[in-house]
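Beneath this line is the structure, given in structure tokens, with notes to follow.
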Amino acid sequence: MDPVAANGGKSSLEVSEDGYLNLRWLPGAHIQVEDARAAMAGVNQLCQEEHLPMLVDMAAVGSVSREARAIWSIPCGASRIALLGKSPVDRVLANFFLGVHVPPCPTRFFTSRPDALDWLQASS
Amino acid sequence: MSPEKGSEDLRLQHLVDGIVRLAAGDLEARVEPSERGDEIDAVIIGVNLLAEELDHIYSDLEQRVADRTAMLRRTQDELERMAKMDALTGLANRTLLNERIQEATAASVESGLAPAALVLDLDSFKAINDTLGHGAGDAVLVEVATRLRAAVRATDTVARLGGDEFAVVITEATDEEILDIAHRVSAHLQDSVQVGTETVWARASIGVCIGTPGYPAEALMRDADIAMYQAKIQGRNTIQLFHPDMLDAVQERSRITSELRSAINGDEMALLYQPVVELASGRVTGLEALVRWHHPSRGTIMPDSFIHIAEESGLILELGRWVLHEGVAQLMRWNTTAPDLAGFHLHINLSAAELLRSDLLADIQDTLKSHGVAPQRLVLEITETVLMSRGALEQQVLGSLRDLGVGLQIDDFGTGYSSISYLRTLPADTVKVDHSLIQDMCSNPQQQEFVAAILQLISAAGLTAIVEGIETPEQAAQLQAMGCLYGQGYYFGYPLVADKVLDHIRTPVPPR
């Protein structure tokens with residue numbers, strides 16, 4: 001399935017061949033509440049039949065507003081979420097999301113894609 | 001130092017500056033990260049995010065505090081409103097009324113228009129409560145409150161002072177407007193009030209006090225109250241404007257009350273006795289005890305000048321007790337001195353309040369017994385107004401008095417709103433026809449017929465008539481010709497001191 005550009009063009013979303021959702025935030029994107037809402041709408045659109053694990057590629061994201069982070073506290077079509085980043089900045093951003101808001105499904109931060117995919121697959 | 005190292009230092013310097021601003025309370029301070037995304041940028045972003053969270057928590061806390069404060073303020077306002085409101089009618093209570101007067105008095109310094117106060121007291125509310133119950137009484141009070149609100153302007157304050165007493169504070173009005181409002185209030189109370197199936201009236205006596213700049217706030221209500229009191233005296237359902245003379249009258253009344261109290265307890269009260277005679281023979285059949293007050297500095301004061309004060313102050317009970325004891329004791333003294341003249345009655349006046357005196361029966365019984373006087377020799381004179389408006393309790397007392405053997409007499413017949421039918425149902429033996437009915441009887445044949453008819457009516461009801469106020473032999477003769485058996489008046493004798501009574505009885509006025 002081809003990636004679908006979410007509203008605003010700051011992210012893309014696809015279902016991988018392995019059966020997980022892959023949400024990619026563009027490097028340097030400053031994620032606002034409407035971007036998060038659009039991304040979540042895309043996730044829910046793809047998960048009408050069943051909830052799927054989701055890999056969120058957030059490496060080199062510029063910033064995430066507080067309101068945008070709060071959106072991900074709302075239950076969505078994802079059954080578990082792996083946040084994938086590289087830099088210390090990604091780690092800080094991810095952990096602020098994890099620490100300040102209570103995620104609606106199991107959520108963890110990874111810096112290794114294989115580790116992240118293993119963890120997502122472990123649930124299925 | 002490499003350029004890279006130098007830029008790192010610069011970011012750290014920005015970070016320090018940002019933290020200093022945050023520490024100073026500027027929670028909107030942020031530090032711009034670089035594109036590198038390294039540890040220093042991670043720290044910068046972490047600090048930004050922490051500042052954002054802190055800012056959010058502070059804002060949220062401030063909002064909550066503001067919300068709670070507003071809620072507390074609303075609750076406090078509501079409590080204050082309730083504390084200043086009469087629960088039954090929703091009108092202001094005395095506390096709020098006083099506040100409004102104080103405010104209006106303060107405001108009048110600039111405007112020159114001092115506030116005015118109306119004090120209203122319903123004229124017959126007790127009767128409504130007594131006969132229809134407190135539920136009906138409350139309904140009437142609520143209706144009165146509605147009418148008062150409708151009668152005044154939006155800027156005026158209507159209050160319930162308690163019981164059946166209301167007040168209105170009028171601000172920023174001319175004398176003419178104030179009196180207009182008073183008349184409008186009175187007019188709104190003229191229509192009857194429907195309570196269930198009953199129709200009642202809730203008219204009021206209204207006192208008005210128009211303040212002047214500098215008029216003390218507390219004096220305004222006092223003086224409106226004094227004026228209301230005057231309105232009551234002057235016939236109820238009237239409006240009376242306060243005049244400073246009234247204050248003098250109140251102070252005078254207060255002084256008299258105090259003096260009267262000590263007079264009753266001391267030896268300033270005295271009884272005089274006016275004969276009641278049999279018209280045909282001139283024989284004295286009774287003596288009416290009449291009270292006099294021998295005031296040390298003002299001389300002898302007639303009852304007309306102090307009985308109403310005694311009634312208002314409750315001293316009437318003390319006075320009545322004294323009259324009973326002294327009158328019966330004197331009757332015993334006459335018995336001892338002249339056992340051969342022991343046939344006449346002693347007439348004593350009984351007021352409405354005394355009829356409800358809890359120890360009245362026992363007091364009469366004990367007094368008669370201790371002086372060895374037969375109950376049949378005592379006649380209690382009760383005004384027809386009291387008898388007409390008697391309640392269940394009064395009815396019971398009257399019955400018990402009759403059972404005791406004491407005679408009951410309707411006093412002042414013809415001065416109130418007499419009902420012909422009540423003559424037959426009252427527990428009385430004799431009727432005293434008021435002197436006003438015979439005043440021009442001799443010169444007015446029509447009045448003569450009228451008196452004759454009344455005498456026949458009394459006779460037909462099985463009662464015995466005594467006509468009072470007989471001043472001439474012609475009146476005595478005419479009344480006797482009409483079939484009247486007994487009379488009283490100056491013609492037969494002025495009120496006498498006790499020492500002169502026996503001589504007078506022995507030398508009666510010859511019959512015509």
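Readers should treat all values here as calculations from the given coordinates under stated rules, not as data from a laboratory. None of the values given here were measured: they were computed from a predicted structure. Here Cβ is always computed from backbone atoms with ideal geometry, including for glycine, and neighbour counts include all displayed protein chains.
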Quick check: Cα centre of the range B:436-512 to Cα centre of the range B:367-395, how many Å? 23 Å
When you count, for each residue, the other Cβ atoms within 10 Å and take the mean per peptide, how do B:70-81, B:168-179, B:99-110 rank with the highest first? B:168-179, B:99-110, B:70-81
So how far apart, in nm, are the two label points at A:LYS86 and B:LEU132 if each is 7 Å from Cα heading toward Cβ? 9.3 nm
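If you place +1 on the Cβ of every Lys and Arg, -1 on the Cβ of every Asp and Glu, and leave all else neutral, what size is the dipole of the range B:3-80 about its Cα centre, to the nearest 20 Debye? Walk me through the intermediate numbers first.
Values: 9 positive and 20 negative charges, 43 e Å.
The dipole of the range B:3-80 has a size of about 200 debye.
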Over the range A:4-113, calculate the relative contact order: mean separation of alpha carbon pairs under 8 Å at least 6 apart, over the residue count, as a percent. 24 percent
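Given a Förster distance of 56 angstrom, what is the FRET efficiency for A:ALA122 paired with B:ARG74, based on the Cβ-Cβ distance and rounded to 0.05? Can you show the working numbers first?
On the way: r = 55 Å, r/R0 = 0.98.
It comes out at approximately 0.50.
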Tilt relative to chain B, helix B:39-83 - C-alpha long axis, 0 to 90 degrees, to 10: 10 degrees
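Could you calculate the contour length gain from B:ARG333 to B:GLU172, that is, 0.36 nm times the residue separation minus the distance between their Cα atoms, to one decimal place in nm?
Numbers: separation 161, 0.36 × 161 = 57.96 nm, distance 6.83 nm.
Difference between extended and current length: 51.1 nm.
At a 10 Å Cβ-Cβ cut-off, how would you order B:LEU341, B:LEU331, fewest neighbours first?
Details: B:LEU341 14, B:LEU331 25.
With the fewest neighbours first, B:LEU341, B:LEU331 line up as B:LEU341, B:LEU331.
Let's see if you can work this out: charge +1 on each Lys and Arg Cβ, -1 on each Asp and Glu Cβ, no other charges. What is the dipole magnitude of the range B:252-499 about its Cα centre, in debye to the nearest 20?
Details: 15 positive and 30 negative charges, 73 e Å.
For the range B:252-499, the charge dipole is close to 340 debye.
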Using only Cα atoms, find the angle between the long axis of helix B:134-151 and the longest principal axis of chain B, and express it within 0 to 90 degrees, rounded to the nearest 10. 70 degrees
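Just subtract the alpha-carbon distance of B:TYR58 and B:ALA280 from 0.36 nm times their residue separation and send over the number in nm, one decimal. Please report the intermediate quantities before stating the final value.
Details: separation 222, 0.36 × 222 = 79.92 nm, distance 10.77 nm.
Gain on stretching B:TYR58 to B:ALA280: 69.2 nm.
Going by C-beta contacts inside 10 Å, put A:SER11, B:SER111 in order with the fewest on the left.
Working: A:SER11 25, B:SER111 11.
Listing A:SER11, B:SER111 from fewest to most nearby Cβ atoms yields B:SER111, A:SER11.
Please rank B:HIS295, B:HIS345, B:HIS134, fewest neighbouring Cβ atoms within 10 Å first, as an exposure proxy. Can you show the working numbers first?
Numbers: B:HIS295 16, B:HIS345 19, B:HIS134 10.
Ranked by crowding around the Cβ, least crowded first: B:HIS134, B:HIS295, B:HIS345.
For a Förster distance of 25 Å, can you work out the FRET efficiency between the beta-carbons of B:ASP26 and A:VAL102, rounded to the nearest 0.05?
Working: r = 30 Å, r/R0 = 1.18.
It comes out at approximately 0.25.
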Pull out a ≥ b ≥ c, the square roots of the eigenvalues of the alpha-carbon gyration tensor of the protein assembly as shown, then state rounded if a/c is under 1.5, prolate if not and a/b is larger than b/c, and oblate in the remaining case. prolate
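So what is the relative contact order of the range B:252-499, in percent, for Cα pairs below 8 Å that sit 6 or more residues apart?
Values: 390 pairs, mean separation 49.0, N = 248.
Here the relative contact order equals 20 percent.
Report D for the range B:94-242 in µm² per second (integer): Stokes-Einstein, Kirkwood Rh on Cα pairs, 20 °C, 1.002 mPa s.
Values: Rh = 15.3 Å.
For these conditions, the coefficient is 140 µm²/s.
I need to check one value: relative contact order of chain B, counting alpha carbon pairs closer than 8 Å and at least 6 residues apart, in percent.
On the way: 759 pairs, mean separation 50.4, N = 512.
Computed value for chain B: 10 percent relative contact order.
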Taking the alpha-carbon centre of each part, the distance from the range B:290-331 to the range B:10-72 in Å is 91 Å
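Only Lys, Arg, Asp and Glu count, each charged at its Cβ (+1, +1, -1, -1), so figure out the dipole size of the range B:358-427 about its Cα centre, rounded to 20 debye. Provide the component values of the computation, followed by the final result.
Details: 5 positive and 9 negative charges, 52 e Å.
Value, rounded to 20: 240 debye.
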Sticking with the crude label model, points 7 Å out along Cα→Cβ, report the distance from B:ALA270 to B:ALA106 in nm, one decimal please. 6.0 nm
Any idea which of B:ALA154, B:VAL109, B:SER258 is furthest toward the positive side of the dipole for the protein assembly as shown, if Lys and Arg beta-carbons carry +1 and Asp and Glu beta-carbons -1? B:SER258
Under a point spin-label approximation (7 Å from Cα along Cα-to-Cβ), what is the B:ARG94-A:GLU14 distance to one decimal in nm? 8.8 nm
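Which FRET efficiency, nearest 0.05, do B:ASP340 and B:TYR494 yield, Cβ-Cβ r, R0 30 Å?
Numbers: r = 24 Å, r/R0 = 0.81.
Here the calculated transfer efficiency is 0.80.
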For chain B, what does -39500 (n - 2.57) per DSSP helix run (n ≥ 4), summed and divided by total residues, give at 222 nm, in deg cm²/dmol to the nearest 500? -17000 deg cm²/dmol
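For a quick protection proxy, order the peptides A:53-59, B:450-456 by their average other-Cβ count within 10 Å, most packed first.
A:53-59, B:450-456
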Stretch gain in nm, segment B:LEU179-B:ALA154, where the contour uses 0.36 nm per residue and the Cα spacing is subtracted: 7.4 nm
For B:LYS126, which lysines qualify as cross-link partners when the Cα separation must be under 18 Å and same-chain residues fewer than eight apart are set aside? B:LYS232
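First obtain the Kirkwood hydrodynamic radius of chain B from its Cα pairs, then insert it into the Stokes-Einstein equation at 37 °C and 0.692 mPa s, and state the resulting D in µm² per second as a whole number.
Translational D for this selection: 112 µm²/s.
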When we measure straight from the Cα of A:LYS10, which lysines land under 25 angstrom away, once same-chain ones fewer than 8 places off are left out? A:LYS86
For B:LYS432, counting only aspartates and glutamates whose alpha-carbon sits under 15 Å away and dropping same-chain residues fewer than eight positions off, the answer is B:GLU278, B:GLU288, B:GLU381, B:GLU384, B:ASP411, B:ASP412, B:GLU468
Give me the inter-chain shielding for B:37-44: mean count of other chain Cβ atoms within 10 Å, whole number please. 5
